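Trainee: Okay, here's the structure, questions in a sec.
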Amino acid sequence: MFANLKPQPADKILALVKAFREDPRAEKIDLGVGVYKNAEGTTPVMRAVKTAEKQLWEIESTKSYVGLAGDPAFSDVMIDLVLGDAVERSNVAAAATPGGTGACRQAFELMQMANPDARVFVSNPTWPNHTSILNYLGIEHVPYRYFDADTRGVDFDGMLEDLKGLKAGDLVLLHGCCHNPTGANLNLTQWQIVVDVLNEKGAIPMIDIAYQGFGDGLEEDAAAARLVASCVPECLIAASCSKNFGIYRERTGLLMAVSTETSRQGLNQDTLAFLNRQNFSFPPDHGARLVTMVLQDPDLRADWAKELEDVRLGMLGLREQLAGELKRLSGSDRFGFLAQHRGMFSRLGTTPEMVERLRAEHGIYMVGDSRMNIAGLNAQSVPILAQAIIDVGV
Ligand code: LMR
């Protein structure tokens with residue numbers, strides 16, 4: 001059996017983690033994997049999460065199974081966080097999953113189960129694991145134009161043109177906020193236009209929202225998901241708690257299936273539970289429980305929201321500093337997009353060769369498509385990065 005195994009393609013983002021670790025240079029800068037780092041370069045446990053963990057240690061009396069869809073209280077707080085009052089709770093089926101990746105995987109499988117011939121339209125580019133999972137599941141995916149290489153903003157006309165190729169039942173994967181890997185996002189007027197196109201075509205939106213609170217604020221970052229959920233007959237939403245609660249390794253996510261037909265909720269809920277059972281049985285509980293405790297307790301919630309806001313503002317400050325530094329060094333506004341982008345990432349929009357030179361000559365690690373994790377910077381490393389970008393001739 002093992003003799004038949006073939007090497008699988010290495011995940012480009014995770015390969016960078018290893019390469020960075022093995023680089024002996026003290027001055028190296030890690031702008032690779034999407035993990036938040038503070039100015040000291042560490043990824044702290046958030047204060048409210050730590051407090052909830054202490055409380056949980058005191059009160060938790062069993063580690064027995066919960067439910068196949070996880071604790072309904074987790075679903076409730078997350079539906080509220082992401083969707084607010086955009087839709088009736090009775091129209092949402094939800095299941096906890098191992099991280100946002102697990103939610104995406106279950107969403108694709110649900111689509112495949114319901115509509116085996118449907119395709120998934122994905123932004124070009126998208127998070128590489130989206131297409132990797134789709135390939136693994138044998139689901140056809142179709143890229144739609146998204147990133148404008150000249151402006152480093154959204155190629156909205158190209159996107160609309162490509163969405164014309166949708167057929168009824170196709171799924172359209174959209175990043176709810178903080179597009180990964182580009183950092184370029186639609187505005188709400190554009191979202192409404194996309195929703196109208198999807199409704200006209202009978203296509204189903206799937207929102208991947210992994211960075212709520214990292215872009216323009218907790219409410220602002222949920223606005224697109226809320227708009228979509230309130231304007232379409234059906235949609236899927238994959239939410240991650242990895243980044244905004246800083247609980248990466250706890251694998252905490254939620255898949256929501258929203259339908260305007262309340263009568264479908266029961267079957268949708270059973271299907272999500274069934275899919276969990278087939279893939280991993282019960283979802284991880286620890287992170288979900290912490291999130292539930294934080295969101296249910298007004299003091300913990302306020303403290304979490306404050307810390308998250310500080311994280312967001314810190315990243316915005318770094319963006320502005322970097323754009324300003326590059327403006328000074330280049331004598332032009334051509335890097336202004338860095339301050340316009342939102343979330344953890346920006347795509348610099350340069351060649352793999354330049355990215356390789358940044359790594360080899362300056363010890364600066366970014367993904368080969370020139371995606372930079374802005375949270376990997378601090379006030380001292382921004383000028384170093386800016387100078388390196390100019391030196392290699394970006
Ligand atoms: C990223 O895009 O870097 C993160 O979502 C981490 C991952 O799993 O790829």
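Trainee: For Leu186, all conditions in the list (1) out of contact with any Lys or Arg (no Cβ under 8 Å at 6 or more places or on another chain); (2) in contact (Cβ under 8 Å) with a residue 40 or more places away in the chain hold save one; what is the number of the exception?
Mentor: (2)
Quick grid of which residues meet (1) within 16 Å of the ligand (Cβ to nearest atom); (2) under 21 Å from Ile209 (Cα atoms):
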site: Met1; (1), (2): no, no
site: Ile13; (1), (2): yes, yes
site: Gly34; (1), (2): yes, yes
site: Gly67; (1), (2): no, no
site: Asp71; (1), (2): no, yes
site: Val82; (1), (2): no, yes
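Trainee: Right, Ile374: in contact with a Ser or Thr (Cβ under 8 Å, 6 or more places away or on another chain) and over 30 Å from Gly217 (Cβ atoms) or not?
Mentor: Criteria not met by Ile374.
Trainee: Continuing with the same structure: Tell me which residues, restricted to the range 84-109, are away from the ligand (no atom under 16 Å from the Cβ), basic (Lys, Arg) and either touching a Gly at 6+ places or on another chain (Cβ under 9 Å) or closer than 26 Å to Leu137 by Cβ (or both).
Mentor: Once the filter is applied, which keeps residues that are away from the ligand (no atom under 16 Å from the Cβ), basic (Lys, Arg) and either touching a Gly at 6+ places or on another chain (Cβ under 9 Å) or closer than 26 Å to Leu137 by Cβ (or both), the range 84-109 yields nothing.
Trainee: Could you check the range 169-215 and list, in sequence order, the residues that are among the aliphatic types (A, V, I, L, M), in a loop (DSSP other than H, G, I, E, B) and within 16 Å of the ligand (Cβ to nearest atom)?
Mentor: Looking only at the range 169-215, we keep the residues that are among the aliphatic types (A, V, I, L, M), and these are 171-174, 184, 186, 188, 193-195, 197-198, 203-204, 206-207, 209-210.
Adding the requirement that they be in a loop (DSSP other than H, G, I, E, B) leaves 184, 186, 203, 210.
Across the range 169-215, the qualifying residues are Ala184, Ala210.
Trainee: Okay, moving on. Of Ala386, Ala379, Ala375, which residue is in contact (Cβ under 8 Å) with a residue 12 or more places away in the chain and within 13 Å of the ligand (Cβ to nearest atom)?
Mentor: Just a single option satisfies the conditions, and that option is Ala375.
Trainee: Moving to a separate point now. Quick check: anything in the range 239-249 assigned to a loop (DSSP other than H, G, I, E, B), charged (D, E, K, R) and assigned by TED's automatic domain parsing to the domain that holds His130? Give the derivation first.
Mentor: Here is the first cut: in the range 239-249, the ones assigned to a loop (DSSP other than H, G, I, E, B) are 241-247.
Those still in the list that are charged (D, E, K, R) too: 243.
Next cut, assigned by TED's automatic domain parsing to the domain that holds His130 only: 243.
Yes, the conditions are met somewhere in the range 239-249.
Trainee: How many of the residues in the range 121-162 are among the hydrophobic types (A, V, I, L, M, F, W, C), in contact (Cβ under 8 Å) with a residue 40 or more places away in the chain and touching a strand residue (DSSP E or B) at 6+ places or on another chain (Cβ under 6 Å)?
Mentor: Result for the range 121-162: 2.
Trainee: Look through the range 135-184, keep the residues that are closer than 21 Å to Ala203 by Cβ and basic (Lys, Arg), and return whichever of them is surrounded by the most Cβ atoms within 10 Å (Cβ to Cβ).
Mentor: Selected residue: Arg145.
Trainee: Which of the following residues is touching a Ser or Thr at 6+ places or on another chain (Cβ under 7 Å) and of a type in the set (Lys, Arg): Lys12, Lys18, Lys37, Lys54?
Mentor: Unique residue meeting the criteria: Lys37.
Trainee: Run down Cys231, Cys235 and say which single residue is without any contact (Cβ under 8 Å) to a residue 60 or more places away in the chain, under 30 Å from Arg312 (Cβ atoms) and surrounded by fewer than 22 Cβ atoms within 10 Å (Cβ to Cβ).
Mentor: Values: Cys235 fails: surrounded by fewer than 22 Cβ atoms within 10 Å (Cβ to Cβ).
Of Cys231, Cys235, the one residue that is without any contact (Cβ under 8 Å) to a residue 60 or more places away in the chain, under 30 Å from Arg312 (Cβ atoms) and surrounded by fewer than 22 Cβ atoms within 10 Å (Cβ to Cβ) is Cys231.
Trainee: So, one more: Residue by residue through the range 309-359, note down the ones that are more than 16 Å from the ligand (Cβ to nearest atom), in contact (Cβ under 8 Å) with a residue 60 or more places away in the chain and not in a helix (DSSP H, G or I).
Mentor: Within the range 309-359, Gly349 is the sole residue that qualifies.
Trainee: In the range 15-32, which residue that is aliphatic (A, V, I, L, M) and in contact (Cβ under 8 Å) with a residue 60 or more places away in the chain is farthest from the ligand (Cβ to nearest atom)?
Mentor: Ile29
Trainee: Let me ask another. Mind telling me which of the residues Val195, Val172 ends up being under 24 Å from Leu254 (Cα atoms), modelled with pLDDT of 95 or more and more than 18 Å from the chain's Cα centre (by Cα)? Explain how you work it out, then say what you get.
Mentor: Working: Val172 fails: more than 18 Å from the chain's Cα centre (by Cα).
None of the others qualify; the one that does is Val195.
Trainee: Another question, then. Could you say whether any residue in the range 283-305 is of a type in the set (D, E, K, R) and under 18 Å from His179 (Cα atoms)?
Mentor: Within the range 283-305 (the criterion being of a type in the set (D, E, K, R) and under 18 Å from His179 (Cα atoms)), the answer is no, since none of the residues qualifies.
Trainee: So, in the range 111-145, how many residues would count as being assigned to a loop (DSSP other than H, G, I, E, B) and away from the ligand (no atom under 16 Å from the Cβ)? Quick ask: steps written out before the conclusion?
Mentor: Taking the range 111-145 first, the residues assigned to a loop (DSSP other than H, G, I, E, B) are 115-119, 125-127, 138-140.
With the extra rule that they be away from the ligand (no atom under 16 Å from the Cβ), the set shrinks to 115-119, 138-140.
Here the count works out to 8.
Trainee: Take Ser75 and decide whether it is crowded, with 22+ Cβ neighbours inside 10 Å and of a type in the set (S, T, N, Q).
Mentor: yes
Trainee: Just one of the numbered conditions (1) at pLDDT 95 or above; (2) within 16 Å of the ligand (Cβ to nearest atom) is not true of Val45; which one?
Mentor: (2)
Trainee: Same structure, new question: Within the range 360-394, how many residues are outside any helix (DSSP H, G or I), at pLDDT 95 or above and surrounded by fewer than 16 Cβ atoms within 10 Å (Cβ to Cβ)?
Mentor: Looking only at that region, the number is 2.
The values are calculated or read from the model by the stated rules, or taken from the named source; none is laboratory data. Keep in mind it's a predicted model, so treat the numbers as computed, not measured. Every residue, glycine as well, gets a Cβ built from its backbone with ideal geometry; the counts of neighbours run over all protein chains shown.
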